[in-house]
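To start, the structure itself, in structure tokens.
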Amino acid sequence: MQPVRWGILSTAKIGRVKVVPGMMKSPLCEVVAVASRDEASARDMAAELGIPKAYGSYEALLADPDIEAIYNPLPNHLHVPMTLAAAAAGKHVLCEKPIAITANEAEQLERAAAQVMIAEAFMVRHHPQWHRARDVIRSGEIGDLRAIHVIFSYFNVDPANIRNKPDIGGGGLLDIGCYAVVAGRFVFEAEPLRVVTLVDRDPAFGVDRTTSALMDFGGGRQLAFTVSTQAVPYQRVQILGTKGRIEIEIPFNAPPDSPTRIFVDDGSQHGNRSARALECPVVDQYQLQGEAFSRAVRGAAPLEYGLEDAILNMRILDALRRSDESAAWERV
Ligand SMILES: NC(=O)c1ccc[n+]([C@@H]2O[C@H](COP(=O)([O-])OP(=O)(O)OC[C@H]3O[C@@H](n4cnc5c(N)ncnc54)[C@H](OP(=O)(O)O)[C@@H]3O)[C@@H](O)[C@H]2O)c1
């Protein structure tokens, strides 16, 4: 397979530090250009990572006929507009999560997605630890699924950070609550029916800083999550079945240079004593994500999660926000 020729839209930290280095490890991805609003920043990133071309505007990069696919890690309010611009230029787009601010906005991508490939960059779904967990569930070892608990938190009170700016799509629900939603859909292999939310906002920034929610997946299956942008950094997923429990130790920010573990526990002893650790090999989930999208571009494999999936995820995030306003259960 010929590598797909990628262009990177902005010098965003996630691209510079994680996603682009991950893609550059792969023979399926060739990162040919980066663009920034500031040409010097683009040149710095290009020099740091060994990217051949640097552009001083996003438009110039989109006009480059040598580029086949775009990685879009702009602030959330620019995900749809710039994905549309890239699609209009005939480029496939891997767009950072959340793909939009609302489901309605995400639906604006439907026509473009009939012409080019558009996907939301939930890298976690490419990590083998999630597939291992799902294999254990499918084997029946932990019995019938009852509940999932998700915690994801970090501490960030930088007023200049995109997460603390409500007008460009900030707040914890859009930034990390989306992972709890993805985790529930992946593990239960179902869609939630209704949700209820409790939100605490930062009084100065106006963004949600701590959001907890309950999601009813039907059939007695529940997901509870807490995400916070102002709490000690932590992340964990617990999956409870009738006969066993699975714990994903580093569910979202799995390191690219050391193995990860999931624990499978029959609960016969307290304190993790009856848990067996399953070690997953060292992988770079951003590399795997870039490879999956590149294979889809070349027609070598189907796009497993396309725009439809991204819109479904946004509908759930919409319902979670409606519940904050109504202080009641909301149907998805
Ligand atoms: N999948 C993951 O693991 C993961 C992790 C973190 C973040 N993300 C997602 O990636 C995206 C970027 O996050 P980040 O933390 O990397 O952000 P960031 O470092 O602040 O980068 C955003 C970039 O967007 C460009 N930009 C254009 N208009 C802007 C504006 N009005 N305000 C600020 N920046 C603007 C800037 O690039 P130029 O100056 O070069 O034009 C900036 O560097 C978000 O959607 C976030 O949800 C994903």
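Since every read-out is calculated from the coordinates, none of them should be taken as a lab result. A quick note: this is a predicted structure, and the numbers were derived from the prediction, not measured. Every residue, glycine among them, receives a Cβ derived from its backbone with ideal geometry; neighbour counts consider all protein chains shown.
The calculated FRET efficiency for the pair ARG201 and SER258, based on their C-beta separation and a Förster distance of 45 Å, comes to about 0.80. Starting from the Cα of THR242, move 7 Å in the Cα-to-Cβ direction to define the label point; list residues of region 113-149 whose amide nitrogen is under 20 Å from there. Of the residues in region 113-149, 134-149 have backbone N under 20 Å from the label point off THR242. Quick one: check the C-alpha center-to-center distance for region 217-237 versus region 63-120, whole angstrom. Cα centres, region 217-237 to region 63-120: 28 Å. Which of rounded, prolate, oblate describes region 255-332, given a ≥ b ≥ c as roots of the alpha-carbon gyration tensor eigenvalues and a/c under 1.5 marking rounded, otherwise prolate only if a/b is larger than b/c? Oblate. In plain terms, the chain from ARG273 to GLU39 could stretch by 78.7 nm, reckoned as 0.36 nm per residue minus the Cα-Cα distance. Among 61-69, 14-22, the peptide with the highest mean count of other Cβ atoms within 10 Å heads the list, and the full ranking is 14-22, 61-69. Multiplying the residue separation of ASP266 and LYS25 by 0.36 nm and removing their Cα-Cα distance gives an extension gain of 82.9 nm. Pairs exceeding 25 Å between alpha-carbon atoms, taken from LYS53/LYS91; LYS13/LYS97; LYS97/LYS243: LYS97/LYS243. Taken along the Cα-to-beta-carbon direction at a fixed 7 Å, the label points for GLU110 and GLU308 span 1.3 nm.
Computed FRET efficiency, Cβ-Cβ of ASN161 and LEU193, R0 25 Å: what is it to the nearest 0.05?
0.15
Along Cα→Cβ, 7 Å out, is where each label goes; now give me the distance between the ones at MET1 and ASP135 in nm to one decimal. Going by the 7 Å Cα→Cβ label model, 2.0 nm. Helices in the chain, meaning DSSP H runs of at least 4 residues, each add -39500 (n - 2.57). Divided by all residues, the mean residue ellipticity at 222 nm is -8500 deg cm²/dmol. Using C-alpha pairs under 8 Å with a sequence gap of at least 6, the mean separation divided by the residue count of region 1-154 gives a relative contact order of 17 percent. Return the tail of the calculated pair distribution for the chain, meaning the percent of Cα-Cα pairs more than 27 Å apart. Roughly 45 percent, once rounded to a whole number. When only Cα pairs below 8 angstrom with a gap of at least 6 residues are kept, region 245-316 shows a relative contact order of 23 percent.
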